[in-house]
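A short write-up of the structure that comes next.
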Number of protein chains: 2
Amino acid sequence: MRALSLQDSVVTFRESVQEPHKCEGEVLVDVILAGICETDLQLCKGYMGFSGILGHEFVGVAREGRYAGHRVVGEINCICERCEWCLNGLGNHCPSRTVLGILNRDGAFADTMLIPERNLHRVPDSVSNERAVFTEPLAAAIQISKQIDLVGKRVAVLGDGRLGILCAQAIRLSTDAVVVVGKHPEKLARFQGLGFECYELSKLDYRTSFDVVVDCTGSPTGLEAACGLVKPRGVVVLKTTVAGEHQLSLASLVINEVTVVGSRCGPFDEALSVLEADAIDLTGMVSHRFPLERGVEAMRVAALPGSFKVLLDPQR
Amino acid sequence: MRALSLQDSVVTFRESVQEPHKCEGEVLVDVILAGICETDLQLCKGYMGFSGILGHEFVGVAREGRYAGHRVVGEINCICERCEWCLNGLGNHCPSRTVLGILNRDGAFADTMLIPERNLHRVPDSVSNERAVFTEPLAAAIQISKQIDLVGKRVAVLGDGRLGILCAQAIRLSTDAVVVVGKHPEKLARFQGLGFECYELSKLDYRTSFDVVVDCTGSPTGLEAACGLVKPRGVVVLKTTVAGEHQLSLASLVINEVTVVGSRCGPFDEALSVLEADAIDLTGMVSHRFPLERGVEAMRVAALPGSFKVLLDPQR
């Protein structure tokens with residue numbers, strides 16, 4: 001099979017990779033579409049020290065097991081099912097987990113991938129592949145409302161990129177008072193088209209006026225900027241994962257008694273329900289679509305400022 | 001009157017300062033004892049850009065008003081009483097506040113100070129001056145239990161200094177499972193003497209095993225160290241305010257979905273009750289006591305690694 005592989009911060013397209021060896025409970029899935037995420041770009045910069053086949057956002061067809069022949073999406077944390085965390089329903093924090101395309105497990109940028117069957121969710125027939133491939137990042141966006149109460153809150157989404165547009169729409173399912181703050185007028189226009197009140201960060205008049213600020217910048221300076229927008233006693237949700245160490249001026253966090261909440265993976269079942277109900281608009285989310293053998297180019301394009309979601313299409 | 005003043009990061013003892021001009025609602029207080037805090041040392045490094053008379057931990061005697069002739073301690077935030085924050089009982093976050101010896105208001109390192117009468121609390125007769133002077137930092141320590149539920153939690157206090165010993169004891173009022181983690185065996189011995197389980201940070205075997213970690217290090221690296229001790233989904237309480245920037249690898253905060261809570265000032269009434277009930281041990285907390293005219297030396301000594309609480313004694 002073919003795959004896009006990361007080794008020592010270099011991404012390579014490999015024509016002939018051996019199909020993976022199955023362990024108990026795992027099934028093979030033929031990948032239909034896979035999405036390139038900011039995390040993939042960070043992995044290439046050394047985040048997590050990952051080596052192997054990249055990719056954790058996908059829709060595919062299960063080759064075997066209870067979903068054989070059906071379209072599936074898959075949760076990315078592969079867990080032990082036995083530890084305290086797993087037994088308490090917090091398997092995403094299982095200390096011996098592997099994570100698809102991120103930690104000690106090959107991912108979805110390949111013709112075929114291996115995944116525990118328990119991680120799979122069947123895609124409803126009414127949800128197209130082009131929408132289903134957003135299940136994983138949409139679940140992560142929905143996770144915010146699982147961690148903090150958003151009802152009646154005035155929320156700012158900081159960041160006008162791929163993650164921002166999913167988070168802003170997911171948050172709007174809980175509160176109408178969602179504002180988007182970004183740096184790029186041309187990217188903010190996309191949010192305006194979806195009916196969001198938008199502001200350029202440098203031109204924002206009323207600072208420290210949001211109950212909740214969600215950092216979707218993907219930038220190491222995002223947290224400090226978010227702390228500058230949130231009210232005293234407010235909440236900053238940190239969605240950004242970046243490689244490396246950062247210098248941040250965090251005195252305002254103490255002075256204003258701000259709460260910062262790290263937020264990662266979310267509920268796939270709810271994300272699929274939202275997609276099935278057509279409750280969020282994904283029009284124009286995909287800026288590029290590449291066949292798998294042009295994956296190296298696809299990764300490069302995904303990192304360009306003008307790009308939005310870039311998909312890999314092993315079937316093409 | 002005499003005072004210890006900060007200007008352009010230089011502390012000077014001034015023999016002859018004019019007594020401050022009173023505004024409505026303010027009273028003069030003759031200072032009996034004042035404590036030097038890590039925040040004072042940070043102010044000297046440029047934190048908050050403060051100029052003026054330092055000092056926010058004190059016990060004194062009110063010269064006038066309802067507490068005339070009585071011993072008092074005072075809350076440090078001087079508020080407008082009219083804004084949304086003040087009207088909602090969150091005056092500590094009043095955007096137009098001044099803060100005693102920290103923000104646009106002279107402080108307590110002087111013979112006499114000015115403070116809004118509403119900020120004062122009468123010191124119970126059974127509480128000595130040497131204990132009453134700890135009311136402000138003890139209130140800040142008690143604030144942790146006001147912000148997060150500590151009952152039944154396994155808590156690590158990170159930092160073996162002045163703030164750590166107050167926080168550890170205040171937290172023990174809510175949960176028995178308090179561990180102290182520090183860098184200095186000789187300082188940790190003080191905590192052991194109070195019955196705390198203590199660990200050196202470099203020798204700690206079981207990391208990421210605490211439900212709550214309180215950063216009392218006063219160091220820009222404290223937050224990152226705290227994130228390394230806390231369980232996934234756990235809480236880090238940030239008590240440290242430092243001039244300049246924190247060093248932090250943010251990824252673990254997101255991956256482990258950690259919550260960071262900034263924590264500042266606390267309830268004086270509860271702190272005085274704790275002192276009156278003799279519920280915390282302050283034996284040996286004071287390492288040095290200087291007359292006001294040796295204030296410059298006192299500040300230098302307070303910054304030495306071997307020092308604990310340094311008091312200024314304008315009456316001496």
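Quantify, in whole percent, the carbon and sulfur part of the accessible surface of region B:178-316 (1.4 Å probe; protein heavy atoms only).
Solvent-exposed carbon and sulfur of region B:178-316 make up 49 percent of the total.
As a test question: what accessible area, to the nearest 10 Å², does A:His184 have when a 1.4 Å probe is rolled over all protein chains in place?
Rounded to the nearest 10, that gives 70 Å².
Count the DSSP beta bridges whose two residues both fall in chain A, then state the antiparallel fraction as a percent rounded to the nearest 5.
55
Just how far, in whole angstrom, is region B:295-316 from region A:158-225 if you go by their alpha carbon centroids?
Cα centroid of region A:158-225 versus Cα centroid of region B:295-316: 48 Å apart.
Relative to the longest principal Cα axis of chain A, at what angle does helix A:135-147 sit, 0 to 90 degrees, rounded to 10?
The answer is roughly 40 degrees.
Kindly give the distances from A:Gln18 to its copy-mates, label point to label point, with each label point 7 Å from Cα along Cα→Cβ, as nm values to one decimal ordered shortest first.
Listed shortest first, these distances are 8.7 nm.
Just how large is the dipole of chain A about the Cα centre, in debye to the nearest 20, putting +1 at every Lys and Arg Cβ and -1 at every Asp and Glu Cβ?
Computed charge dipole of chain A: roughly 360 debye.
Counting only heavy atoms of the protein chains, get the accessible area per residue of region A:141-262 (1.4 Å probe) and round it to a whole Å² value.
In whole numbers, region A:141-262 has 35 Å² accessible per residue.
Around B:Ala62, with a cut-off of 10 angstrom between Cβ atoms, what is the net charge of the other residues, counting Lys and Arg +1 and Asp and Glu -1?
In short, +1.
A:Cys80 label points, 7 Å along Cα→Cβ, one per copy: pairwise distances from this copy to the rest in nm, shortest first?
Copy-to-copy label distances at A:Cys80, shortest first: 5.5 nm.
With Cβ to Cβ distances under 13 Å as the rule, what net charge do the other residues near B:Val99 carry (K, R +1; D, E -1)?
-2
Return, for the Cα atoms of the protein assembly as shown, the radius of gyration and Dmax in Å, separated by a comma.
Computed over the Cα atoms of the protein assembly as shown, radius of gyration and Dmax are 27.9, 89 Å.
When each copy gets a label point 7 Å from Cα toward the beta-carbon at B:Arg122, what are the spacings between them in nm, shortest first?
The projected label point of B:Arg122 is separated from its counterparts by 7.5 nm.
Can you give the angle from 0 to 90° between the axis of helix A:162-172 and the longest principal axis of chain A, with both taken from C-alpha atoms, to the nearest 10?
60
Determine the relative contact order of region A:22-129: mean sequence separation of Cα pairs under 8 Å and six or more apart, normalised by residue count, in whole percent.
Here the relative contact order equals 36 percent.
Could you tell me the distance between the Cα centroids of region A:84-141 and region B:11-72, to the nearest Å?
Spelled out, the Cα-based centre of one part sits 59 Å from the other.
I need to check one value: relative contact order of region B:141-262, counting alpha carbon pairs closer than 8 Å and at least 6 residues apart, in percent.
Answer for region B:141-262 is 22 percent.
Tell me which lysines have Cα within less than 20 Å of A:Lys239's Cα, excluding those fewer than 8 residues away on the same chain?
Counting by Cα, and skipping residues close in sequence, A:Lys239 has these lysines nearby: A:Lys45, A:Lys146, A:Lys153, A:Lys183, A:Lys187, A:Lys231, A:Lys309, B:Lys231.
Explain nothing, just the number: dipole magnitude of region A:141-262 about its Cα centre with +1 on each Lys and Arg Cβ and -1 on each Asp and Glu Cβ, in debye rounded to the nearest 20.
Its charge dipole is roughly 200 debye.
Excluding A:Thr175 itself, what net charge comes from residues whose Cβ is under 14 Å from its Cβ, given Lys and Arg +1 and Asp and Glu -1?
Value of the local net charge: -1.
Ignoring ligands, DNA and RNA, how much accessible area is buried between chains A and B, both sides summed, with a 1.4 Å probe, to the nearest 100 Å²?
3300
Which residue of chain B is nearest the rotation axis onto chain A, counting by its Cβ, and what is the distance in whole Å?
B:Val260, 2
With just the Cα atoms of chain A, tell me how far they stretch along each of the three principal axes, in Å, largest first.
Rounded to whole Å, the extents work out to 56, 43, 41 Å.
In debye, nearest 20, what is the charge dipole magnitude of region A:193-316 about its Cα centre with +1 on Lys and Arg Cβ and -1 on Asp and Glu Cβ, if you could check?
Dipole size: approximately 320 debye.
Do any residues of region B:260-299 lose at least 30 Å² of accessible area when the full set of protein chains is present rather than just their chain alone, and if so which, with a 1.4 Å probe?
For region B:260-299, once contacts with the other chains are taken into account, B:Val260, B:Gly262, B:Arg264 lose 30 Å² or more.
Using only DSSP helix segments of four residues or longer, with each worth -39500 (n - 2.57), what per-residue ellipticity at 222 nm results for chain A after dividing by its residue count and rounding to 500?
Helix contribution divided over all residues of chain A: -6500 deg cm²/dmol.
The values are calculated or read from the model by the stated rules, or taken from the named source; none is laboratory data. Fair warning: this is a prediction, and the values are worked out from it, not measured in the lab. A quick note on method: Cβ atoms are made from the backbone with ideal geometry, for glycine too, and the neighbour counts reach across all protein chains shown. Side chains included, ligands, DNA and RNA excluded: accessible areas come from the protein's heavy atoms. Shrake-Rupley method; radii C 1.70, N 1.55, O 1.52, S 1.80 Å.
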